[in-house]
Amino acid sequence: MAAVAGRAGLGLAGTVKVRIWVLGKRMEGMVSPVWVRCLFTRSNIPDSVFQPRPGDHEKYGGNPEEPHKIHVITRIKSVIGRPYWEKKIIRDLGLDKAHQPRLHKNIPSVNSRLKVVKHLIRIQPLKLPHGLPTEEEMSSTFLTTRGELIIKKRLKPVEQKEIKA
């Protein structure tokens, strides 16, 4: 049984033919609802996205036998038009603002979330060119966009000795 749906009432010219099958009291369209649901779920992400590429370690200077302990994560793309689960992960990771680096541990629970949004972010290892800061130096550290934790060395005043004449 075929039905013709017109668009004249909507102000659009032309008609569209829609084929509808009547099965009992249910009507089903040409497009399967299961197929439409797959377009908007996580199951549509191919497995190749989650597999490591062989050249990644050389590209980013990492060592697979001794991985870094902390990720420096920066959002580099917008979440406008992205699915709700990607927006939620970005918000939960604290990446609401673009180009603002955040630190996260290199653990499986965090890494599994990063894999889902890896096309929106940049992940770098935390580099410590001056070594780990002490408690006194923590207030004078800052994180660069290249993932380096820089310690600003504060000069201490020199004690002046008395000059005896």
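A few notes on this one:
- Residues of region 129-154 satisfying the condition of being over 21 Å from Lys105 (Cβ atoms) and basic (Lys, Arg): Lys152, Lys153, Arg154
- Selection from region 84-116 of residues that are in contact with a Phe, Trp or Tyr (Cβ under 9 Å, 6 or more places away or on another chain) and modelled with pLDDT of 95 or more: none
- When residues of region 102-123 are limited to those that are more than 16 Å from Val79 (Cα to Cα) and in a loop (DSSP other than H, G, I, E, B), the one most open to solvent (accessible area, probe 1.4 Å): Ile107
- Every residue from region 64-78 that is closer than 17 Å to Gly147 by Cα and exposed (fewer than 13 other Cβ atoms within 10 Å of the Cβ): Pro67, Lys69, Ile76
- Checked against the criterion of being outside any helix (DSSP H, G or I), on the phi > 0 side of the Ramachandran plot and surrounded by 13 or more Cβ atoms within 10 Å (Cβ to Cβ), the candidates Gly94, Gly131, Gly81 yield just one match: Gly94.
- Test: residue in region 135-151 that is free of Cβ contacts under 8 Å to residues at least 12 places away in the same chain, small (Gly, Ala, Ser) and farther than 30 Å from Pro46 by Cα: yes
- Whichever residue in region 139-155 is modelled with pLDDT of 85 or more and hydrophobic (A, V, I, L, M, F, W, C) and, among such residues, is farthest from His99 (Cα to Cα): Ile151
The values are calculated or read from the model by the stated rules, or taken from the named source; none is laboratory data. Since the model is a prediction, treat every value here as computed from it, not as a measurement. Counting neighbours? That spans all protein chains shown, and the Cβs are built from the backbone with ideal geometry, glycine included. Keep in mind that these areas ignore ligands, DNA and RNA; they rest on the heavy atoms of the full protein, side chains included. Shrake-Rupley method; radii C 1.70, N 1.55, O 1.52, S 1.80 Å.
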